[in-house]
1. Show that you can apply the helix-only estimate: for chain A, add -39,500 (n - 2.57) for every DSSP H stretch of four or more residues, divide by all residues, and state [θ] at 222 nm to the nearest 500.
2. Dipole size in debye (nearest 20) for the protein assembly as shown around its Cα centre, Lys and Arg Cβ +1, Asp and Glu Cβ -1?
3. Counting only protein heavy atoms and using a 1.4 Å probe, what share of the accessible area of chain A belongs to carbon plus sulfur, as a whole percent?
4. Between the label point of C:GLN239 and that of the same position in each other copy, find the distances and list them shortest first in nm, with every label point placed 7 Å from Cα along the Cα-to-C-beta direction.
5. Quick one: net charge around B:ASN263, please, counting Lys, Arg +1 and Asp, Glu -1 for every other residue with C-beta under 11 Å from its C-beta.
6. Mind checking the mean number of beta-carbon atoms from other chains within 10 Å of the Cβ atoms in A:145-152?
7. Hey, can you find the accessible area per residue of the range C:182-269 for me, probe 1.4 Å, expressed in square angstrom?
8. How far apart, in nm, are two points set 7 Å out from the Cα along the Cα-to-Cβ line at A:ASP171 and at C:GLN290?
Amino acid sequence: MKIKNTSLAILLGLVSSSASAKDYVITDGDRVIQKGDWQISNKNISPDAPSFTIENVILKGGKQEGSELLTIKSEGLTINLSPTRGLGIVNVEGNGIRLGWDSPVKEIVNPKYMNLESRGGAGWLDGFNEMMVRCGFEWTGHAVQADGMMYTLHGRAQNTPVSKLFVEVEDQAPFTITIRGLIKENTFKKSNFETWVAIRHVPGSKEFTVHDILTNLSDYDRDYQIIYHSNFGTPILEQGAKFVAPVKEISPFNEYAATGLKNWQTYQGPTKGFDEMVYNIFPYSDANNQTQVMLTNNASDKGVGIAFNTQQLPVLTLWKNTDTLKQGYVTGIEPGTSFAYPVTIEREQKRVPQLGAGKSTEFILTYSLLSNKEEVANYDAKIKAIQGNKQTKVVEEPMAKE
Amino acid sequence: MKIKNTSLAILLGLVSSSASAKDYVITDGDRVIQKGDWQISNKNISPDAPSFTIENVILKGGKQEGSELLTIKSEGLTINLSPTRGLGIVNVEGNGIRLGWDSPVKEIVNPKYMNLESRGGAGWLDGFNEMMVRCGFEWTGHAVQADGMMYTLHGRAQNTPVSKLFVEVEDQAPFTITIRGLIKENTFKKSNFETWVAIRHVPGSKEFTVHDILTNLSDYDRDYQIIYHSNFGTPILEQGAKFVAPVKEISPFNEYAATGLKNWQTYQGPTKGFDEMVYNIFPYSDANNQTQVMLTNNASDKGVGIAFNTQQLPVLTLWKNTDTLKQGYVTGIEPGTSFAYPVTIEREQKRVPQLGAGKSTEFILTYSLLSNKEEVANYDAKIKAIQGNKQTKVVEEPMAKE
Amino acid sequence: MKIKNTSLAILLGLVSSSASAKDYVITDGDRVIQKGDWQISNKNISPDAPSFTIENVILKGGKQEGSELLTIKSEGLTINLSPTRGLGIVNVEGNGIRLGWDSPVKEIVNPKYMNLESRGGAGWLDGFNEMMVRCGFEWTGHAVQADGMMYTLHGRAQNTPVSKLFVEVEDQAPFTITIRGLIKENTFKKSNFETWVAIRHVPGSKEFTVHDILTNLSDYDRDYQIIYHSNFGTPILEQGAKFVAPVKEISPFNEYAATGLKNWQTYQGPTKGFDEMVYNIFPYSDANNQTQVMLTNNASDKGVGIAFNTQQLPVLTLWKNTDTLKQGYVTGIEPGTSFAYPVTIEREQKRVPQLGAGKSTEFILTYSLLSNKEEVANYDAKIKAIQGNKQTKVVEEPMAKE
């Protein structure tokens, strides 16, 4: 088990405030600040700034009462974030293309109404509807009873309201907007993880970057896991939609997925009774450990790409949940340290890294909206370049049984 | 298993706004509205309207902090509702007679402080004190571990804050007041139930009607269950109080209840160590499937009646909890789809209906306060008419063992 | 099992309002009052009053959003209380000496974000960081599955927001400040405990008194348990720090603690991998059943003393958690009805008292900050006087196995 030893100081440098930026504190528990309803626009930054707004609102009603929703709206993208749910990405829109999906869960559920232990440890499903959910960091994967406790489905980060929420906007070109939140996973004797999560967007662009820094504040080395559970439905997902990635090895998650293995690269339309097929992928990456993967629609004129680093996130889960529209027609493209097996299996198979006492590690993923054939083709070409002539090993047997 | 196929359009017609009514939105998550403290009176409606007030307040302190309490006060009845607890009916008062009971739980507990999984799945007892609790809709009954999860006592609806809360008052006679709330039971892959619950009251009358419409928004037929757990203590419940119903068959819930079977129609006074005796009843109904049942005090000059439809709610649980006053001296008169056995038993015995994909079903119950001998006698006469000469089968053996 | 029969009337007399005091209602659910942000100072009381402030603030951010923090600041002590967490004592400071410790949990976690059932019943650890936690009153001790439920670690009182919060300040010397809160542990059929908890402080003094009155409002005698989990880290706890008490009998909690038995009176510095050693102590007391115990630093010039009544709290748990600073370097000095074994073991060994139906019992503990050699020596002398020539029995075997 490799122990990550990057120091926090180095990592924080990567996301630290530019000398020429405006900073806004939306929430800071240490200073007893939580602004709730709040907004700014380009006019607050500079006469030269391109048009954008950043708005935070407190939601109402039902199980979303008190949840905050932070929206960045630029000429390129509209990005909805949920500070109350670990600064997860609710959904994104650009050029009329939605990144996200339609879950039966419509509310942005406030964690105060969640019970992760319910439904045999799958209570997480009561709130799952985001485009991107952080599954981690103390553990992730399917629920399992072990070590005298329930490791609930996909960990706790997404159901943890951020303790700090900062907005930073550069006051000169490219006027990069950074939203930063602090997720605390602190439990006496058990966990002392703090993660600064960030979303960066250059107004007008069709991209955004997730840049998270996980720190183990304890005096002990500790296991960690993370899956960036990135989920897309219509309009990109449709019959004939394709998943494209540089793949070193792929295998089915279980026997049911094995029956769909030969078609792993393409999607069915909404299919009653399909449920889900899941595949475990080891991606290839380039000389700098960078890789990228893509989902496109059938016509290859709409898509979404995710670029990430395979040293940070060595594996990828492909979750094909092409059930009916109302059931949740969605595919998950999920770079991670781990597959979605329970932590017990991931430990056995050596996919649970440790973070040294006092050390930090980081995860950087860039999501690109691809809104025409050319953009799709260009993104595809880079994926093909990473694959090169290298073979894809297709393993027919699942690597584990739950 | 019969599948209900009534369409939502037809059902909504039954409760849709009158053309001549005033509508107030108290809470609507979709429009980011949650008014909290709010009130109106007859003066807001029409100079001709009879005296009434409708008030919503946000409660404070302890585990009721943030709970809302909505009160309708007319010359006939005062009705307290809990929007934060699934628009349950806290209690009702008219002519100095209270419909409701005294639980050791005094606070209107906000679900954010509840844990239904606690106490072996009986955490629901931490908040139970209402005159009417909806036990459903995804499941109901005693807690049971099955299908890899805990089916917690009496389901989740009562501990779900409404996502929408609307008040409608007709602006001409009879100036009917309707309070309507939306309960969402949505869980990815598991449930997609939405229930519009409503309470209707004509100001000045001694009645109110519960009218709920459950819709299965998913693409799959799904099991549902509901028990309208309607609970009454003093002053109606007392030594010699009587339960009157047209009964086709009655049997004890368990061996302990079997020992009290012969006295099922009457009540003891508060009795230390009594705990509870429960009876399973199949009621008779009239040609329109309507039935009605009644609880009266010993002198038969105070009572409460419940009228309902046996196609909607074919069975009735009679819960005799005549323990001490402080322990909770109370009887439950509980029309339902199901008895209070765990869902596993109810499934085996075919009392768990299904609701077709996209379909709706409805439940209508009218509660009448009976405040003198004549009203009691009249209500009794109708019950007797339904029974007619038909026999009551008394089964001595419980139909199941938990 | 002795049943306590003191009447509530007598007990309330002990803490009732002085005829000459000013009373402030900060929270009262019955009157729909919850002031949240609020403050007063000596100027509100009398020109003769010594300098002090009392302030209540609503915390923000992360899992402490909505938690209240009440601070008494006098020339003697600054006392931070958490009304939202059962009026627990967060920390205390006087003469530059901190009473309290550094947990990895930094936030004052609002119970709405807690799940006591998580981590196999040890979810309580997600919020544990106070100087004094009430572990009770329905049960306490290590988590255990029994009686068809999980008895979660250390009970529920600390994760129950107070239903009432009153501040009382005498308007003449000594101008005693009393903060009083009501903790409700009410569950239908299971529990009907209400506890008036109080903290009293004479401005300018270096002492404060905890005075709690537990009442069993039910018609049934009920078991109760309480441990006053009082926790201290630096600067008093350090290598060479000492625990001093009049001890009748001491034994190790388990085999691991047995290995440190001979050094039970002294502490190590922060020690990686130490985890915790726990000792079960039966203290001696004086003719009035009063006893006192003390923790001092190595130089015996800083310390904290706790005086209590062994009829109320007959045993004491000594928790030596001298692990690393970041892991939580802390010792717990924990007078109680019970040791920290699961309730099942405490019942077997007859350390679970009952409280009669309708009866009350009380617990009074006075905490003294000792800020120089003389104060430490004086406190020590009183402890020695209680021990006198009486022997300490050192038992090498744990009294139970978990």
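1. Values: 6 runs with 41 residues, N = 402.
My calculation for chain A gives -2500 deg cm²/dmol from helical runs alone.
2. Values: 123 positive and 135 negative charges, 150 e Å.
Rounded to the nearest 20 debye, it is 720 debye.
3. Values: 6600 of 13740 Å².
Within chain A, the accessible surface is 48 percent carbon and sulfur.
4. 7.5, 7.5
5. Numbers: positive: B:LYS242, B:LYS262, B:LYS320; negative: none.
It works out to a net charge of +3.
6. Details: counts 1, 1, 2, 5, 6, 4, 1, 3.
Across the residues of A:145-152, the mean count of other-chain Cβ atoms within 10 Å is 3.
7. 29
8. Here the modelled spin labels are 6.4 nm apart.
The values are calculated or read from the model by the stated rules, or taken from the named source; none is laboratory data. Values in this document were obtained by computation on a predicted structure and should not be read as measured data. When we count neighbours, we look across all protein chains shown, and the Cβ atoms used for this are built from the backbone with ideal geometry, even at glycine. Heads up: the accessible areas ignore ligands, DNA and RNA and are worked out on the full protein's heavy atoms, side chains in. Shrake-Rupley method; radii C 1.70, N 1.55, O 1.52, S 1.80 Å.
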